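Let me begin by presenting the structure, written as structure tokens, before commenting on it.
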Amino acid sequence: MDSQKEALQRIISTLASKNDEIQIFIDTLNHTLKGVQENSSNILSELDEEFDSLYSILDDVKESMITSIKQEQARKSQELQSQLSQCNNALENSEELLEFATRSLDIKEPEEFSKVNKTKRKVTMASAFRLSLKPKVSDNMTHLMVDFSQERQMLQTLKFLPVPKAPEIEPVECLVADNSVTVAWRMPEEDNKIDHFIMEYRKTNFDGLPRVKDERCWEMIDNIKGTEYTLSGLKFDSKYMNFRVRACNKAVAGEYSDPVTLETKALNFSLDNSSSHLNLKVEDSCVEWDPTGGKGQESKVKGKENKGRSGTPSPKRTSVGSRPPTVRGSRDRFTGESYTVLGDTAIESGQHYWEVKAQKDCKSYSVGVAYKTLGKFDQLGKTNTSWCIHVNSWLQNTFAAKHNNKVKALDVPVPEKIGVFCDFDGGQLSFYDAHSKQLLYSFKTKFTQPVLPGFMVWCGGLSLSTGMQVPSAVRTLQKSENGMTGSTSSLNNVTQ
């Protein structure tokens, strides 16, 4: 009976899962159908616009040709009219001279006939003799004729632009490094009609193919001219990223490539507000010194304690708006002169990196790691359960590495931003200038418990950058440093 119920339960679960898949597929089909209808309307509208544009160009060409023909007609007509007028004038003049010469032949008197020589000269100089009896222009207008046979054939061979094939992302050519992702792809066959590519990406915590209903939307990079693109300056606050690409010609975008999922794992943590010192104002990745915060909080705590003494149980003290710590659980707040706040995520293995930037007016601060057993009165670097570098600009300027109440002065400038590298398995904690990647100091030890990022602040504030990979430059420096000696002092080689 029980086995039958279990079998039926498995069948029901499988069927329910299948129903979900079918429903998702129905949603996909409906979305695709809607897209076909919308895109068909859009392409018809664009086709009308293209042909209207072509008609407009042809009308413009026609008007230009008509103007040229009319201008040529006017020019030739003017030339011929001018020549015709000259001929008519010469003809009239010649007729007058002929009539005068004919009358001269009828003269009998010698004296009067002697004037014939003058008449002869007049006839000789008649304008008719100077005229060219050839038209200055011809009536031929055929040179303004056009032959559209070639264009007609070209228009008749017009075809739709083919839909580009889906590109193929090449995972072996993709690179994830220094909080940047380079994605490379190729076309399955040469296509000289490709105008540009579109790449879409989204962050996810699921391996494998993208889920239809994921928690994050696709983001798009348009107008990529090459077959490679680099996304830089990313915060890796998810385990993976999905990528897909499609090709576009001047008319249409092709299908998306098969999606590729790349791992983008990095250490993400926030500051644990629930146990930070009351004089520290903490928000996810920022902490500031607040000299009034402790007094206000202490009065509230005393009031609660008094209520507790009167017979009413005192509730647990919590910080409004703070999120519960993920690994440390409840513990007493740091107090006294331990102006400390720890990260809310423990490091138990692997190599990790984060960066810290201090405000310009910060008087004193420390950056490092500590075991979660660090006492509430303990200061970073003054116990055998914490390691840090300390910056002090109050009264005198000091920059030093601290562990187990031992101090090593650092003869290097204090950087604007400090990079922290923690190799838990290798037992190494190193500090770098985050910009130049210059090594500031390294601790070599053996971590026997999970460690938490730790911070001390007095009169100022710190901001964190997490979700970062170990930079390539730091990896290279670590390799070279591990082969060197003398870069650290008696603070190193301490086993706890």
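Results for (1) among the aromatic types (Phe, Trp, Tyr); (2) closer than 30 Å to residue 273 by Cα; (3) open to solvent by 20 Å² or more (accessible area, probe 1.4 Å); (4) modelled with pLDDT of 95 or more, shown as yes or no for each residue.
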position: 457; (1), (2), (3), (4): no, yes, no, yes
position: 462; (1), (2), (3), (4): no, yes, no, yes
position: 473; (1), (2), (3), (4): no, no, yes, no
position: 479; (1), (2), (3), (4): no, no, yes, no
position: 486; (1), (2), (3), (4): no, no, yes, no
position: 492; (1), (2), (3), (4): no, no, no, no
Pull up segment 380-411, narrow it to residues that are touching a Cys at 6+ places or on another chain (Cβ under 9 Å) and part of a loop (DSSP other than H, G, I, E, B), then point me to the one that is surrounded by the fewest Cβ atoms within 10 Å (Cβ to Cβ). 394
Of the residues that make up segment 48-63, is at least one more than 30 Å from residue 249 (Cα to Cα) and not hydroxyl-bearing (Ser, Thr, Tyr)? yes
Has segment 243-252 got at least one residue that is modelled with pLDDT of 85 or more and under 30 Å from residue 352 (Cα atoms)? yes
Checked segment 422-455 for anything within 22 Å of residue 375 (Cβ to Cβ), open to solvent by less than 10 Å² (accessible area, probe 1.4 Å) and among the aromatic types (Phe, Trp, Tyr); matches are 443, 455
Return only the number of the condition from (1) touching a strand residue (DSSP E or B) at 6+ places or on another chain (Cβ under 7 Å); (2) among the charged types (D, E, K, R); (3) open to solvent by 80 Å² or more (accessible area, probe 1.4 Å) that residue 170 does not satisfy. (3)
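From 108, 70, which residue is open to solvent by 100 Å² or more (accessible area, probe 1.4 Å), within 30 Å of residue 152 (Cα to Cα) and either in a helix (DSSP H, G or I) or not acidic (Asp, Glu) (or both)?
70
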Just the residues that are over 30 Å from residue 255 (Cα atoms) and touching a Ser or Thr at 6+ places or on another chain (Cβ under 9 Å), please, taken from segment 138-168. 144
Which members of segment 431-450 meet the condition of being more than 19 Å from residue 419 (Cα to Cα), under 39 Å from the mean Cα position of the chain (by Cα) and outside any loop (DSSP other than H, G, I, E, B)? none
Checking the conditions here, which among 54, 58, 44, 15 is modelled with pLDDT of 85 or more, over 39 Å from the mean Cα position of the chain (by Cα), closer than 30 Å to residue 148 by Cα and aliphatic (A, V, I, L, M)? 58
Segment 136-164 - residue that is open to solvent by 80 Å² or more (accessible area, probe 1.4 Å) and closer than 30 Å to residue 256 by Cβ and, of those, modelled with the highest pLDDT: 163
Looking only at segment 223-260, count how many residues are over 20 Å from residue 42 (Cα atoms), open to solvent by 70 Å² or more (accessible area, probe 1.4 Å) and of a type outside the set (Ser, Thr, Tyr). 7
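The values are calculated or read from the model by the stated rules, or taken from the named source; none is laboratory data. None of these values were measured; they are calculated from a predicted model. Every residue, glycine as well, gets a Cβ built from its backbone with ideal geometry; the counts of neighbours run over all protein chains shown. The protein model used for the area step is the full one, side chains on, heavy atoms only, and it has no ligands, DNA or RNA in it. Shrake-Rupley method; radii C 1.70, N 1.55, O 1.52, S 1.80 Å.
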